[in-house]
Amino acid sequence: MADTDSTTRTIDPGRLLSRTSRGAHSSAIRDLLVHARRPGVISLAGGLPSPELFPTKALALAARSILAEPSNLQYGLTEGEIELREIVARQHTVMNGRVIGVDHVQIVTGSQQALDLIARITIDPGDPVVVSDPEYLGAIGAFRAAGAQLVPIKNDHEGFDVDEFELRLLAGLRPKLCYLIPEFHNPTGRSTSPKRLERLAILAERYAFMIVEDNPYGALRFEGSAAPTLAAATPNVVQCRTISKTIAPGLRVAWMVGPRWLMDAAKIAKQATDLHTPTLTQHLAAALMRDKSAHEAGLERLAPHYRPRRDALVAAVRDHIPEASFTTPTGGMFLWLTLPRECDTDHLLPIALDRGVAFVPGSAFAVAADLQNSLRLSFSTATPEQLEEGVERVASALSELRS
Ligand SMILES: Cc1ncc(COP(=O)(O)O)c(C=O)c1O
């Protein structure tokens, strides 16, 4: 039919954008952190893995033979390429004492997608979801976008405070999900103690909620041994794992492992999102993980790289900011500092950027807690020398803030 209406109307974004999109704003901190990329700025802000560790040679070699086979570039199954799912199923051999099969494995486009899918398939607007306070921003974003009502629980030197959570349950709280980063939490760097994990598994069964166990940093352990996984203690767990911190984040390959009903629902939701995770990068991940001992040798290179950086950062903070309190992380990428009450880290950031150093203020990760005097420092990409220099710059910005 011919268009006879000659008038043109300008687009009103307020009408076309959904309520959720209209409500989502860029934060002042995020806008400021654009300056962290300026030349000369030492960034202790991002949680990026060190690019020196990316296995570029092995990936190039694998890519050559993968690309020689056209079917490796074809559309794939939504649940993921079978070889990768089999490798994952072998790695996560037991869930609550039972051997798992590929039906329990869903490949996703980064573990961020796992969080988004889990939120979308379980949460109705207003449903309570339990998180730590502070918490990983991407998880807060995914749960909020699905309309969840976040229930913040304290995170102390032993990690997620299960006692506080239990009191809330006793008082009537009935969440569908409890989100947990058990090891080397982002942003606090802390791990939840085995005793607390055991208790949480019992509570998950007593109150019939699912634990979303997101563990991207577990392979970056500098000392001590890993706690048994929650999945060994209860079937009420969906595990999210990624190769972003162990192989390379740009591949966007991760997976979730959980009960069949959840995997089936996730598959349908993922179909509408991206059909499937790129076949090319799934094949690359499989090529690097197929040989167990070669893959483990790759993982063993991580701790010797990051540990000296953690040590350099901790030593520099002790020397230059002795008033800061913190728990020394035994792995991961982050150190969480608490400064004296009067030091507002939102105000500290612009001064620090002027002095050539970036960090993320604690308020960025807050759900409800007042974290104005906290900050997250990342030790993953700076050299030990840059870490020392960066902390000196933070200390001098602090003197200016307090003067
Ligand atoms: C706790 C946590 N979960 C999930 C992610 C997202 O990882 P991916 O690259 O697999 O999407 C990150 C990334 O920094 C993270 O810190």
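The values are calculated or read from the model by the stated rules, or taken from the named source; none is laboratory data. Keep in mind that what you see is a predicted model, and the values were worked out from it rather than measured. Note that each Cβ is placed from the backbone with ideal geometry, even for glycine, and that neighbours are counted across all protein chains shown. Please note that ligands, DNA and RNA were not included when accessible areas were found on the heavy atoms of the full protein model with its side chains. Shrake-Rupley method; radii C 1.70, N 1.55, O 1.52, S 1.80 Å.
Let me know the shape class of region 191-279, please: from the alpha-carbon gyration tensor, a ≥ b ≥ c as square roots of the eigenvalues, rounded when a/c is under 1.5, otherwise prolate if a/b is greater than b/c, or oblate. The shape class here is oblate. Assuming charge only on the beta carbon of Lys and Arg (+1) and of Asp and Glu (-1), the dipole of region 58-199 about its Cα centre is about 60 debye to the nearest 20.
For V360, the residues 5 or more places off, or on other chains, whose built amide H falls under 5 Å of its own are R376.
Counting only protein chains, not ligands or nucleic acids, how are E135, E342, E81 ordered by accessible area (probe 1.4 Å), most first?
Values: E135 0, E342 120, E81 40 Å².
The residues order as E342, E81, E135, largest area first.
Within the assembled protein chains, the solvent-accessible surface assigned to S293 is about 80 Å², based on a 1.4 Å probe. Only one residue of Q91, Q372, F326 has its Cα farthest out toward the positive end of the dipole of the chain, where Lys and Arg carry +1 and Asp and Glu -1 on Cβ, and that residue is Q91. By the rule of a C-alpha distance below 28 Å, with chain neighbours fewer than 8 residues away ignored, the lysines paired with K270 are K176, K245. Per Stokes-Einstein, at 37 °C and 0.692 mPa s, what whole-number D in µm² s⁻¹ belongs to the chain, with the Kirkwood radius over Cα pairs as the hydrodynamic radius? Answer from the Stokes-Einstein relation: 145 µm²/s.
Seen through its C-alpha gyration tensor, with square-root eigenvalues sorted a ≥ b ≥ c, region 317-371 comes out rounded because a/c lies under 1.5. Taking square-rooted eigenvalues a ≥ b ≥ c of the alpha carbon gyration tensor, is region 80-171 rounded, prolate or oblate, where a/c under 1.5 means rounded and, failing that, a/b exceeding b/c means prolate? Because a/c hits 1.5 or more and a/b exceeds b/c, region 80-171 counts as prolate.
Just by accessible area at a 1.4 angstrom probe, what is the order of H305, H347 from largest to smallest? Could the numbers behind the result be given before it?
Values: H305 25, H347 115 Å².
The ordering from most to least exposed comes out as H347, H305.
Whole angstrom only: what separates the Cα centroid of region 253-314 from the Cα centroid of region 146-214? Centre-to-centre distance over Cα atoms comes out at 23 Å.
3J(HN,Hα) along region 336-349, derived from phi through the Karplus expression 6.51 cos²θ - 1.76 cosθ + 1.60 where θ = phi - 60°, amounts to 10, 10, 10, 9, x, 2, 6, 8, 8, 6, 5, 7, 5, 4 Hz, with x in place of Gly and Pro. For region 323-332, putting each phi into the Karplus relation 6.51 cos²θ - 1.76 cosθ + 1.60 with θ = phi - 60° gives couplings of 7, 7, 10, 6, 9, 5, x, 9, x, x Hz, in residue order, rounded to whole numbers and with x for Gly and Pro. Between amide H atoms placed 1.01 Å from N, distances below 5 Å from R190 occur with H185, all of them 5 or more places distant or on a separate chain. Taking a straight line from the alpha carbon of K195, these lysines sit under 21 Å away, with near neighbours fewer than eight places off in the same chain left out: K154. Think of the chain as a dipole: +1 on every Lys or Arg Cβ, -1 on every Asp or Glu Cβ, centred on the Cα centre; then among A145, P125, I243, I243 lies furthest on the positive end. Each helix, a run of at least 4 DSSP H residues, gives -39500 (n - 2.57); summed and divided by the residues of the chain, these come to -12000 deg cm²/dmol at 222 nm.
To the nearest 10, the accessible area of E69 is 80 Å² with a 1.4 Å probe.
Evaluating 6.51 cos²θ - 1.76 cosθ + 1.60 at θ = phi - 60° for every residue in region 360-376, the Karplus couplings come out as 10, x, x, 4, 4, 9, 6, 8, 9, 5, 8, 10, 4, 9, 10, 8, 10 Hz, glycine and proline recorded as x.
Residues K154, K245, sorted by accessible area with the largest first, give K154, K245 [1.4 Å probe; ligands and nucleic acids excluded].
Alpha-carbon geometry of region 246-403: the Rg and the Dmax are 20.4, 59 Å, given in that order. Counting heavy atoms of the protein chains alone, D311 has an accessible area of about 70 Å² for a 1.4 Å probe.
Between V253 and G110, I243, the built amide H atoms are under 5 Å apart, and every one of these is 5 or more places off in sequence or on another chain.
Under the criterion of Cα pairs below 8 Å and six or more residues apart, the relative contact order for the chain equals 23 percent.
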